[in-house]
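Visitor: Okay, here's the structure, questions in a sec.
The values are calculated or read from the model by the stated rules, or taken from the named source; none is laboratory data. This one's a predicted model, so the numbers in the text were calculated from it and none came from an experiment. Because the Cβ atoms are built from the backbone with ideal geometry, glycine has one as well, and the counts that use them run over all protein chains shown. The protein model used for the area step is the full one, side chains on, heavy atoms only, and it has no ligands, DNA or RNA in it. Shrake-Rupley method; radii C 1.70, N 1.55, O 1.52, S 1.80 Å.
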Amino acid sequence: MIHASTALPTHVLNEQAFTPTDTIEISHVLSQIALAGKIIASDLRHAGMSDVLGSTGKTNIQGEEVQKLDERANTTFVNVFEANEVVRTVVSEEMEKPYVVRGARRPGKYALYLDPLDGSSNIDVDAPLGSIFSVHRLSETSDGESEQDLLKPGVDQVAAGYLLYGPSTLLVYTCGKGVHLFTLDPEIGEFLLTAQNVQAPARGKLYSVNEGNYQKWSKGVQQYIDFVKESDVASDRPYSSRYSGCFAADVHRVLLKGGLYLYPGEMDKPEGKLRLMYEAAPLTFVMEQAGGGGSTGVESLQSIQPTRLHQRVPVFIGSHENVQQAQQFVQA
Ligand code: AHG
Ligand code: MN
Ligand code: MN
């Protein structure tokens, strides 16, 4: 029986991952993210009853159809951070340009990178959704707006994590001192600590991929997927396939149960689908802090210097041994 009674801001303060001032500021950022998460979770719970399902009819910077709830989730985050003095800039999947917070008296020193609603194809079918976040410190000379100042490699992240809107609403975060999991208690409206220093199993027998893309992959990726489906008692194969279409949900399963999530590049789309700065890098930070890893198949996702805010990247993320093994196939 878990007696959850540590609230998120207290936990971040107690972690003391940074200097006292920075710790207070990051605690504030995470509290505001949690607030946005509560609003989005509430929106999602009522979605079927309030005509917010379906498309806006617009496409975003990625050329993807924007769902009404994508737009609402983005607006929720922007509104929550509008008057804060800690986050200066919000970069989001749903906004072509960085958004500089206008309502603050003093400009904040952090930039927040968001996938406000992850897994949008699940909206209309009541399947899991997430929000993914990454926090970087801006340089002192940055105006908070120029793209060059905002192109940060994953290794420089100050904090990262995700919200997961499933049967419960979860918030998982790292500040570089382990991975901590909070569950929203709907009665009191607080995220309470339910697992501390989460460790991913060193290896696992789950693989999570959109296998409909098999014909588009390189030989190496195809051979890896053939390999995980072979029968071999000694290595516990075949692995089990699990894929929800929500990156945060699929990676969360791999974090807890062990295995590999992959969204490889394709022959005519070598960069793959997922976005580096607000999908791949934050979840790699979480996975690394839990003892696992994240790779493009060739190099660590954390060491990539982005050249564009909305850059895409091939993703192999999960248990340490599974990532290593997939890399061997990709590089063979
Ligand atoms: P988003 O809804 O933010 O655009 O992200 C969708 C992503 C990710 O959540 C998921 O793993 C993947 O796209 C699913 O893509 P496929 O439908 O191609 O499998
Ligand atoms: Mn996404
Ligand atoms: Mn999204």
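Visitor: Please count how many residues of region 83-96 are open to solvent by 30 Å² or more (accessible area, probe 1.4 Å), assigned to a loop (DSSP other than H, G, I, E, B) and touching a Lys or Arg at 6+ places or on another chain (Cβ under 7 Å).
Guide: Selection size over region 83-96: 1.
Visitor: Right, something else. Output the number of the condition that Pro167 fails; it satisfies all remaining conditions of (1) of a type outside the set (Ser, Thr, Tyr); (2) in a strand (DSSP E or B); (3) closer than 25 Å to Ser244 by Cβ.
Guide: Every listed condition holds for Pro167 apart from (2).
Visitor: For region 265-272, check the following and say yes or no: at least one residue is within 15 Å of ligand 2 (Cβ to nearest atom), outside the structural domain of Asn122 (by TED's automatic domain parsing) and touching a helix residue (DSSP H, G or I) at 6+ places or on another chain (Cβ under 7 Å).
Guide: No, every residue in region 265-272 fails to be within 15 Å of ligand 2 (Cβ to nearest atom), outside the structural domain of Asn122 (by TED's automatic domain parsing) and touching a helix residue (DSSP H, G or I) at 6+ places or on another chain (Cβ under 7 Å).
Visitor: Any chance you could count how many residues in region 121-149 are in a helix (DSSP H, G or I), touching a strand residue (DSSP E or B) at 6+ places or on another chain (Cβ under 6 Å) and modelled with pLDDT of 95 or more? Let's see the steps before the verdict.
Guide: Within region 121-149, the first condition is being in a helix (DSSP H, G or I), and the residues that meet it are 121-125, 147-149.
Going one step further and asking which of them are touching a strand residue (DSSP E or B) at 6+ places or on another chain (Cβ under 6 Å), we end up with 122-123.
Still in the list and also modelled with pLDDT of 95 or more: 122.
Looking only at that region, the number is 1.
Visitor: Testing Glu93 on (1) at positive phi; (2) within 16 Å of ligand 1 (Cβ to nearest atom), one condition comes back false. Which one is that?
Guide: Going through (1) at positive phi; (2) within 16 Å of ligand 1 (Cβ to nearest atom) one by one, Glu93 breaks only (1).
Visitor: With in contact with a Leu (Cβ under 6 Å, 6 or more places away or on another chain) and within 15 Å of ligand 1 (Cβ to nearest atom) as the only criterion, which of Tyr207, Tyr214 stands out? Even if it seems obvious, please write down each step before you answer.
Guide: On the way: Tyr214 fails: in contact with a Leu (Cβ under 6 Å, 6 or more places away or on another chain).
Of Tyr207, Tyr214, the one residue that is in contact with a Leu (Cβ under 6 Å, 6 or more places away or on another chain) and within 15 Å of ligand 1 (Cβ to nearest atom) is Tyr207.
Visitor: If you scan region 236-267, which residues turn out to be away from ligand 1 (no atom under 12 Å from the Cβ) and out of contact with any Ser or Thr (no Cβ under 8 Å at 6 or more places or on another chain)?
Guide: Passing the criteria: Asp236, Tyr239, Ser240, Leu255, Leu256, Lys257.
Visitor: Another question, if that's okay. Check region 111-123 and report whether any residue there is over 15 Å from the mean Cα position of the chain (by Cα), under 23 Å from Thr183 (Cβ atoms), open to solvent by 40 Å² or more (accessible area, probe 1.4 Å) and within 16 Å of ligand 1 (Cβ to nearest atom).
Guide: No, every residue in region 111-123 fails to be over 15 Å from the mean Cα position of the chain (by Cα), under 23 Å from Thr183 (Cβ atoms), open to solvent by 40 Å² or more (accessible area, probe 1.4 Å) and within 16 Å of ligand 1 (Cβ to nearest atom).
Visitor: Being open to solvent by 10 Å² or more (accessible area, probe 1.4 Å), farther than 30 Å from Ser5 by Cβ and within 16 Å of ligand 2 (Cβ to nearest atom): is that true of Ser146 here?
Guide: Working: open to solvent by 10 Å² or more (accessible area, probe 1.4 Å): yes; farther than 30 Å from Ser5 by Cβ: yes; within 16 Å of ligand 2 (Cβ to nearest atom): no.
Criteria not met by Ser146.
Visitor: Does Leu193 qualify as being part of a strand (DSSP E or B) and either free of Cβ contacts under 8 Å to residues at least 60 places away in the same chain or under 22 Å from the mean Cα position of the chain (by Cα) (or both)?
Guide: Yes: the conditions hold for Leu193.
Visitor: Just to check your reading of the model, which residue among Leu184, Leu129, Leu171, Leu138 is within 16 Å of ligand 1 (Cβ to nearest atom), surrounded by 19 or more Cβ atoms within 10 Å (Cβ to Cβ) and not assigned by TED's automatic domain parsing to the domain that holds Ala290? Steps first, answer last, please.
Guide: Values: Leu184 fails: within 16 Å of ligand 1 (Cβ to nearest atom); Leu171 fails: within 16 Å of ligand 1 (Cβ to nearest atom); Leu138 fails: within 16 Å of ligand 1 (Cβ to nearest atom).
The unique qualifying residue is Leu129.
Visitor: With Gly144, Gly103 as the choices, which residue is touching a residue at least 40 places away in the same chain (Cβ under 8 Å) and not basic (Lys, Arg)?
Guide: Values: Gly103 fails: touching a residue at least 40 places away in the same chain (Cβ under 8 Å).
Every option except Gly144 fails the conditions.
Visitor: Something else now. Within region 233-268, can you find the residues that are within 15 Å of Gln222 (Cβ to Cβ) and within 16 Å of ligand 3 (Cβ to nearest atom)?
Guide: Listed by number, the list holds a single entry, Tyr263.
Visitor: Is region 98-118 home to any residue that is within 14 Å of ligand 2 (Cβ to nearest atom) and not in a strand (DSSP E or B)?
Guide: Restricting attention to region 98-118, the residues satisfying the condition of being within 14 Å of ligand 2 (Cβ to nearest atom) are 113-118.
Imposing the further condition that a residue be not in a strand (DSSP E or B) reduces the set to none.
No; the residues of region 98-118 include none that is within 14 Å of ligand 2 (Cβ to nearest atom) and not in a strand (DSSP E or B).
Visitor: Let me ask something else. For region 216-244, give me the residue count where each residue is open to solvent by 70 Å² or more (accessible area, probe 1.4 Å), in contact (Cβ under 8 Å) with a residue 24 or more places away in the chain, of a type outside the set (Lys, Arg) and in contact with a strand residue (DSSP E or B) (Cβ under 7 Å, 6 or more places away or on another chain).
Guide: As a first pass, look at region 216-244 and keep what is open to solvent by 70 Å² or more (accessible area, probe 1.4 Å): 216, 219, 223, 229-231, 233-234, 236, 242-243.
Now restrict to residues that are in contact (Cβ under 8 Å) with a residue 24 or more places away in the chain: 216, 223, 236, 242-243.
From what is left, the residues that are of a type outside the set (Lys, Arg) are 223, 236, 243.
With in contact with a strand residue (DSSP E or B) (Cβ under 7 Å, 6 or more places away or on another chain) added as a condition, the list becomes 243.
So the count comes out to 1.
Visitor: Looking at (1) at positive phi; (2) part of a strand (DSSP E or B), can you tell me which one Gly63 breaks?
Guide: (2)
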